[in-house]
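Nothing in this text is a laboratory measurement; each read-out follows from the coordinates by a stated rule. The model shown is predicted, which means the values in this text are computed figures rather than measured ones. Every residue, glycine among them, receives a Cβ derived from its backbone with ideal geometry; neighbour counts consider all protein chains shown.
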Amino acid sequence: MSLQRIRKGDVVIAVSGVGAGKTGKVLEVLPGRGMAVVEGLNIVKKAVRKSQKNPQGGFLEREAPVRMAKLMLYCPHDKKGVRMARVRDGDTLVRKCKVCGHVFGG
Ligand SMILES: [Zn+2]
């Protein structure tokens, strides 16, 4: 497994587990835990205590991290989750879709 397969700002698709088939933007990567926070995926309700900001208290909805093993890069051309290859482009390595050759940002 190569490091940084998925990066902040990537669009990914959940391939298994909670929200399978859903796409979303990566908001945060937690490499040490092998997890990522994806927009709109794995929403959990968090209880909020009454405070000045939240006089009613109640629940706050926010994304909980999901295992990166359950995510794949989403290719806008293939409209599905794809494997990527690392290809040297001059001095840098770029990530390319193995199916159609689309180059992912970063
Ligand atoms: Zn592709």
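Points to keep in mind about this one:
- Cα-centre dipole for the chain with unit charges at Cβ (Lys and Arg positive, Asp and Glu negative), debye to 20: 260 debye
- Whichever lysines have a C-alpha closer than 23 Å to that of LYS79, once near sequence neighbours (fewer than 8 apart) are set aside: LYS8, LYS22, LYS25, LYS70, LYS96, LYS98
- Where labels lie 7 Å past Cα in the beta-carbon direction, separation of LYS46 and ARG62 in nm: 0.2 nm
- For the range 67-106, trypsin sites (Lys or Arg not before Pro) meeting the loop criterion (DSSP other than H, G, I, E, B) and having at most 16 other Cβ atoms within 10 Å: LYS79, ARG83, LYS98.
- Rg/Rg_globular for the chain, with Rg_globular taken as 2.2 N^0.38 Å and Rg from C-alpha atoms: 1.29
- Within a Gaussian network of the chain (alpha carbon springs, distance under 10 Å), most fluctuating of GLY32, GLY40, GLY81: GLY32
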